[in-house]
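Trainee: Encoded as structure tokens, here's the structure I'll be asking about.
FYI, it's all coordinate maths here, none of it is from the lab. It should be emphasised that the depicted structure is a prediction, and the values quoted were computed from it without experimental measurement. All Cβ positions, even for glycine, are placed from backbone atoms using ideal geometry, and neighbour counts span all protein chains on display.
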Amino acid sequence: MGRVVIDKEKCKGCFLCVDVCPKKILKKGTNYNSKGNYTVYVDDPNNECFGCALCAKRCPDMAITEVYR
Amino acid sequence: METLVFQKPSSIQKDCNVTFCPGCDHGVAIRIIAELLDELNLVEKTIVVSSIGCSVFLNDYYNLDIIEAPHGRALAVATGVKRSKPDKFVFTYQGDGDFASIGLGESMHGLSRGEKVTAICINNTNYGMTGGQMAPTTIIGQKTTTTINGRDPNLQGYPIKICEMASICDGAAFVARCSLDSSKEIENTKKMIKKAFESQINNQGASLIEILSTCPTNWKLSPQEAHKRIREELYPVFPLGIYKDKTSK
Amino acid sequence: MAVKESSLIISGYGGQGVLFIGMAISNCAMDEDKYVTWLPSYGAEMRGGTANCTIVIANEEVASPYQQTPDYVIALNAQSVEKFEMKIKPGGTLIVNSSLYKGHEKRTDINYLYIPANEIAAKIGEIKCANVVMLSAFIEKTKIVKIESLKKVIRNIISASKAKLLEINELAIQKGSEYIKLPVCH
Amino acid sequence: MTKTAEKVLLKGNHAIAKAAINAGCQCYFGYPITPQNEIGEFLSVEMPARGRVFLQAESEVAAINMLLGAASTGTKAMTSSSSLAIALMQEGISYIAADNIPAVVVSVMRAGPALGYIFPSQGDYFQTVKGGGNGDYKTLTLAPATVQEMIDYTYKAFYLAQKYRTIVFLLADGLLGQMMEPAVLYDYPYEEIDNSDWALDGAKGRPGRWIGSIHRSEEVLEKKVLELFKKYDIIKQNEIEYKTLYAEDAEILITAFGSVARIAQAAVKQAREAGLKVGLFRPITLWPFPEKELYKFATGKKLILDIEMNMGQMLEDVKMSVSGQAKVEFYGRPAGFYFTPEELLEEIKKQMEGLK
């Protein structure tokens, strides 16, 4: 049982996190932030996230600011 | 009860906006260095030497003492900092053009003198900030804005092998090449930087970490394709590994 | 308040102690509260094996440490005579190490002073003291500084631990200045 | 600390080195070049003996950047070099100026252009005073004329560098560097300046400090440069230094700096003895140039005769300062020892004839 905190304003939509998530709960968004970047969002209906933080460690923009387990 | 397993390192600016291009690996390198400063309790004694290129804006990210070096001169500036304050922790953060082209003299002499500093060299095989021109590390056949038909060894010579050159410097205590192309390599890069930092802490000599890194914008590749390029095209030319390790002796 | 300024060039082989006696006489002048400058030849000129230095002693701040037409030249070898004989100010003096120079005088408007410095030094038992012999003779002749000052300076420069060396140098000062008093030299 | 109140016979380059040690210079970085090698050679022994840093850099480019690094930590530091090698340092000099950090650069000029030779020269007035690095900056420049002044102004260079957090040049030449002259090596006479409010020493209990010159907003960049020039204005108000000799009632006023000024001084004295009304105006700070002071002294003079061991560099500042208040003529040679007071006196007489 985990949780990731995403600062969408900092997300540039490279979606590298989407590729590394072992549970595939991070999704490419269709909404864009104030800078015009499509951003990532969490889609975890079954609470699969276990707080591995691979996404946060992959994110080059420090947009995934916190990960809880 | 939740536990916090990941947060921004303490030396990263509170409202840090990373201004690199989407998918550029610079941000990852900057973050793992900051994590290590926390882990090794170095934040309050660190003086960073920034350089010219995309790396020039380090002060946007780090809440640390930073001195900006002219293009290529980071190892000379770091030498001045460390010699004047031997009890401080000093690292440079440079690109491959800065470190191995204009600054090759300063870099090799700093390593040969065994300055107790750590050089972090981000190798993305081109000049990112100025628009993707040929760099000392541009590989044979690679197209850049100044090698539009691909680097031709008859015209532009061969790429510089940074770690291979650095490894013959007697003053270097730890030299390694790593990559940020995957989660596993990110972990390994962090380990390598840690070893380099520890070699400085233990006064064992100079240390250099060359990090293969992406430049999706100038490579004209998606971040994902850029990481693939590192594995497929750069690994054969720039093999990963430890090139010098005097730390255990 | 007229400016009284005397200029001296000392020239010889590297190793003859040219710069050393230049510094010695400069120290003498300083000790006597005179203004003095010492300027060595440097660079490629030195690499050629000859060395020279220019000393200017004055009763006011020295204007230029460099002098194209010196009042005095101490020539420790033949090449130095050839190099500087024509440059000396009319009325000036060329002090020649006659042990190493047997040539003819080319000028009538300067004085010549011949010191067989190597022979004198050899008699003392240390040929390397030829430079101090020359300097002592020059000082005795011109009284530009006091010979007592030279003795003091040499005592200060050569440390007490080298008693033998000091003794020889003091002897060289004595013999050099005595030589000037001999009738043969005039 | 060395305390020698008595006169000693000192070589100009050694005087600089000894004064640097007395001034508390902690780090020296340099690269060999004649005619200033005695500075580095002396410090290579004396700095380590005091637990301080002497480092022979791999190039002048490296040396100036080592200086930049050491200066950024608030450490008293210097480099020394000469002409064509100072040319290599210009980039770093611009950085040090922009960064508002204190550093001392000793330039013992030799003859150029390019390789030239090791003869003394004043051919690098422009290089030093006008600068060869990029952008709007100034280098405070002190020009000694005697071995004693090598000590005096080395001390002052360290003090002014710290006081204004700026780069200070000590501008000498091969003649002053190589000559020996009696001088008194006294204790460093200036107060110590506290660096703790800006120097880099690790962000302990405070936010990180950044010393750099890149500013992405034109407003910020302009503000930084304006601040720099506000500082330069204060330096101009406080630190202008010059000397005169018989300048008030002179008909001809000589302008000269450094080693040429001491030769000109003798020529002026000889001229006065010959009944000629000649005076001397000698700028000691070359930047800031004593513009107003020279203007004042030049007003009403028949002629300003600028003498330099170059083809006319300070001449431009002299002309600007005189601002048409008097005729300005120039006498100079590009290099060498070859100025004599007699030669200058001849030129003065020739100029006087021309005035009739």
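Residues checked against (1) outside any loop (DSSP other than H, G, I, E, B); (2) within 11 Å of chain B (Cβ to nearest Cβ):
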residue	(1), (2)
D:A172	yes, no
D:D187	no, no
D:L200	no, yes
D:I214	no, yes
D:K223	yes, no
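Trainee: Hey, could you check segment B:213-230 for residues that are of a type in the set (D, E, K, R) and out of contact with any helix residue (DSSP H, G or I) (no Cβ under 9 Å at 6 or more places or on another chain) and say which is nearest to the other protein chains (Cβ to nearest Cβ)?
Mentor: Only one residue tops the list, namely B:K228.
Trainee: Of the residues that sit in segment B:72-97 and are closer than 22 Å to B:R177 by Cβ and within 9 Å of chain D (Cβ to nearest Cβ), which one is surrounded by the fewest Cβ atoms within 10 Å (Cβ to Cβ)?
Mentor: Across segment B:72-97, the extreme among qualifying residues is B:G72.
Trainee: For segment D:267-279, which positions are surrounded by 24 or more Cβ atoms within 10 Å (Cβ to Cβ) and under 27 Å from D:L142 (Cα atoms)?
Mentor: Selection gives D:A267, D:V268, D:V278.
Trainee: Restricting to segment B:183-236, what's the tally of residues that are of a type in the set (V, I, T), surrounded by fewer than 24 Cβ atoms within 10 Å (Cβ to Cβ) and under 15 Å from the mean Cα position of the chain (by Cα)?
Mentor: Of the residues in that region, 1 qualify.
Trainee: Follow-up. Can we say A:D61 is of a type in the set (D, E), out of contact with any helix residue (DSSP H, G or I) (no Cβ under 8 Å at 6 or more places or on another chain) and surrounded by 15 or more Cβ atoms within 10 Å (Cβ to Cβ)?
Mentor: Against the criterion (of a type in the set (D, E), out of contact with any helix residue (DSSP H, G or I) (no Cβ under 8 Å at 6 or more places or on another chain) and surrounded by 15 or more Cβ atoms within 10 Å (Cβ to Cβ)), A:D61 does not qualify.
Trainee: Can you tell which of D:G69, D:G92, D:G74, D:G112 is surrounded by fewer than 24 Cβ atoms within 10 Å (Cβ to Cβ) and within 11 Å of chain B (Cβ to nearest Cβ)?
Mentor: D:G74
Trainee: Another question, if that's okay. Could you name every one of the strands (runs of 3 or more DSSP E) located completely within segment D:247-333 that has at least 3 residues being under 27 Å from D:E181 (Cα atoms)?
Mentor: Fully inside segment D:247-333 and qualifying: D:278-283, D:285-287, D:303-308.
Trainee: Exactly one condition in (1) more than 8 Å from chain B (Cβ to nearest Cβ); (2) closer than 20 Å to B:A34 by Cα is not met by A:K35; state its number.
Mentor: Here A:K35 clears every test but (2).
Trainee: I would also like to ask the following. Only one of these conditions is not met by D:S82: (1) surrounded by fewer than 24 Cβ atoms within 10 Å (Cβ to Cβ); (2) under 18 Å from D:G174 (Cβ atoms). Which number is it?
Mentor: (1)
Trainee: Further, regarding this structure: Restricting the search to segment B:113-146, which residues are within 15 Å of B:C169 (Cα to Cα), part of a loop (DSSP other than H, G, I, E, B) and in contact with a Ser or Thr (Cβ under 8 Å, 6 or more places away or on another chain)?
Mentor: B:R113, B:E115, B:V117
Trainee: Against the definition (touching a His at 6+ places or on another chain (Cβ under 6 Å) and without any contact (Cβ under 8 Å) to a residue 60 or more places away in the chain), how does D:E91 come out, yes or no?
Mentor: No.
Trainee: Could you list all residues from segment D:142-170 that are of a type in the set (V, I, T) and not in a helix (DSSP H, G or I)?
Mentor: D:T146, D:T166, D:I167, D:V168
Trainee: With the condition kept exactly as written, say whether any residue in segment D:38-61 is touching a strand residue (DSSP E or B) at 6+ places or on another chain (Cβ under 7 Å), more than 7 Å from chain B (Cβ to nearest Cβ), in contact (Cβ under 8 Å) with a residue 60 or more places away in the chain and closer than 22 Å to C:Y42 by Cα.
Mentor: yes
Trainee: May I ask you to say which residue of C:S149, C:S136 is within 21 Å of C:N59 (Cβ to Cβ) and among the small types (G, A, S)?
Mentor: One residue alone meets the criteria, C:S149.
Trainee: Something else now. I'm told B:E39 meets every condition in (1) more than 9 Å from every other protein chain (Cβ to nearest Cβ); (2) under 24 Å from B:T217 (Cβ atoms); (3) surrounded by fewer than 22 Cβ atoms within 10 Å (Cβ to Cβ); (4) not hydrophobic (A, V, I, L, M, F, W, C) except one. Can you identify the failing condition by its number?
Mentor: Answer for B:E39: the failing condition is (2).
Trainee: Exactly one of (1) closer than 23 Å to B:L58 by Cα; (2) surrounded by 21 or more Cβ atoms within 10 Å (Cβ to Cβ); (3) touching a Phe, Trp or Tyr at 6+ places or on another chain (Cβ under 9 Å) is unmet by B:Y127. Its number?
Mentor: Of everything listed in (1) closer than 23 Å to B:L58 by Cα; (2) surrounded by 21 or more Cβ atoms within 10 Å (Cβ to Cβ); (3) touching a Phe, Trp or Tyr at 6+ places or on another chain (Cβ under 9 Å), B:Y127 misses just condition (3).
Trainee: Provide a single number: the residues in segment D:312-344 that are more than 14 Å from chain C (Cβ to nearest Cβ) and touching a residue at least 24 places away in the same chain (Cβ under 8 Å).
Mentor: Total meeting the criteria: 17.
Trainee: Further question on the same structure: Only one residue in B:A69, B:A100 is more than 8 Å from chain D (Cβ to nearest Cβ), under 18 Å from the mean Cα position of the chain (by Cα) and aliphatic (A, V, I, L, M). Which one?
Mentor: Just a single option satisfies the conditions, and that option is B:A100.
Trainee: Mind listing just one residue for me: the one in segment A:8-37 that is surrounded by fewer than 16 Cβ atoms within 10 Å (Cβ to Cβ) and not in a strand (DSSP E or B) and, of those, nearest to the chain's Cα centre (by Cα)?
Mentor: A:K24
Trainee: What are the pairs with Cβ atoms under 6 angstrom where one residue, in segment B:195-215, is of a type in the set (S, T, Y) and the other, located anywhere, is buried (at least 24 other Cβ atoms within 10 Å of the Cβ) and part of a strand (DSSP E or B)? Sequence gap at least six, or different chains.
Mentor: Cβ pairs passing all conditions: B:S199/B:A173; B:S199/B:F174; B:S199/B:S207; B:S207/B:T118; B:S207/B:A173; B:S207/B:F174; B:S213/B:I122.
Trainee: Listed residues A:V5, A:V40; which is crowded, with 17+ Cβ neighbours inside 10 Å and within 12 Å of chain B (Cβ to nearest Cβ)?
Mentor: Only one candidate qualifies: A:V40.
Trainee: Moving on to the next point. Only one of D:E218, D:E222, D:E227, D:E241 is exposed (fewer than 14 other Cβ atoms within 10 Å of the Cβ), of a type in the set (D, E) and under 25 Å from the mean Cα position of the chain (by Cα); which?
Mentor: Step by step, each of D:E218, D:E222, D:E227, D:E241 is checked, and only D:E227 is exposed (fewer than 14 other Cβ atoms within 10 Å of the Cβ), of a type in the set (D, E) and under 25 Å from the mean Cα position of the chain (by Cα).
Trainee: A follow-up question, please. Please determine whether any residue of segment C:80-93 is over 16 Å from the mean Cα position of the chain (by Cα), farther than 23 Å from D:L344 by Cα, surrounded by 18 or more Cβ atoms within 10 Å (Cβ to Cβ) and more than 14 Å from chain D (Cβ to nearest Cβ).
Mentor: No: zero hits.
Trainee: Could you please tell me which pairs satisfy a Cβ distance under 6 Å, a separation of 6+ or placement on different chains, a first residue in segment C:138-153 that is surrounded by 21 or more Cβ atoms within 10 Å (Cβ to Cβ), and a second residue that is among the acidic types (D, E)?
Mentor: Filtered contacts from segment C:138-153: C:V145/C:E32.
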